[in-house]
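Data block below; observations after.
Where a number appears in this text, it was derived from the coordinates with a stated rule and is not lab data. Worth saying up front: this structure is predicted, and the values here are computed from it rather than measured. Note that each Cβ is placed from the backbone with ideal geometry, even for glycine, and that neighbours are counted across all protein chains shown.
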Amino acid sequence: LLQAPAGFGKTSLLAAHFSQAVEGTALAWVTLDEDDDPARLFACLSAALEPLDLPWRTAPEVLPALAADEGTGVQRAVSELVNALAGAELTHGVIVLDDLHRVDHGGVFTLLDRLIEQLPPRWTLVLASRVAPRLPLNRLHVAGELVVIGQDRLRFDAQEAQALAAREGAGAQADALFARTQGWPAGLRLCLAALRSRPGGAGALGGWTLTQQTRQPLL
């Protein structure tokens with residue numbers, strides 16, 4: 001679980017990481033939307049998994065309708081997915097669900113809870129969200145099945161801010177940048193952009209106040 005507010009680079013981190021994935025690792029990526037429900041999520045997930053040529057016992061085209069049924073239907077759909085994942089000829093598989101905070105439909109979390117419970121050992125589920133998802137995180141923690149990467153691990157430290165500022169030709173302003181943004185990645189980028197685009201360079205930085213809540217530079 002990558003959980004942090006906007007501007008902490010969750011999607012960028014995942015994209016960079018999996019661009020260097022170990023040979024034999026398969027990736028299926030789904031970016032979620034506000035109107036996603038269990039049927040649509042299952043359809044998107046099936047489409048993302050299609051290049052892996054999973055050994056489905058039931059045609060995946062008929063399973064989204066089952067996933068919409070939060071009773072026996074969703075369990076059957078998840079079971080079919082789990083069996084297909086278990087039969088995949090690969091060393092390791094990763095399913096990324098990005099922007100999970102956009103989803104409000106409770107049935108989506110029911111489906112994910114059941115998938116997590118039955119996920120085959122060679123597969124990893126990665127969730128990226130601005131808020132804690134409505135899932136039994138404590139149970140997963142206790143079972144040793146959950147790693148949480150939060151904003152404290154995603155923010156820049158002073159040395160990283162210095163390196164970024166130096167690369168952008170603003171090394172002399174690194175301390176001020178770090179003090180003003182507290183390592184918030186998006187804030188650092190905004191300040192560096194301001195220094196590049198505004199006359200006076202260093203003087204321009206002094207007029208900026210940044211907030212993670214609004215994600216906007218305020219003059």
If we count GluC sites (Glu not before Pro) as exposed when they sit in a DSSP loop and have at most 15 other beta carbons within 10 Å, what is the longest stretch of the chain that avoids them all?
146-219
Separation between the His105 and Ala179 pseudo-spin-labels, each 7 Å from Cα along Cα→Cβ, expressed in nm?
5.0 nm
So what does log10 I(q)/I(0) come out to for the chain at q = 0.10, 0.15 Å⁻¹, using the Debye formula with one equal point on every Cα and no solvent?
-0.56, -0.96
Whose amide H sits under 5 Å from the amide H of Val126, counting only residues 5 or more places off or on another chain, with H placed in the peptide plane?
Ile95, Val96, Leu97
How about segment 25-102: which trypsin sites (Lys or Arg not before Pro) there are in a DSSP loop, with at most 12 other Cβ atoms within 10 Å of their Cβ?
Arg57
So how tilted is helix 38-49 from the main axis of the chain? Cα-based, degrees 0 to 90, rounded to 10.
80 degrees
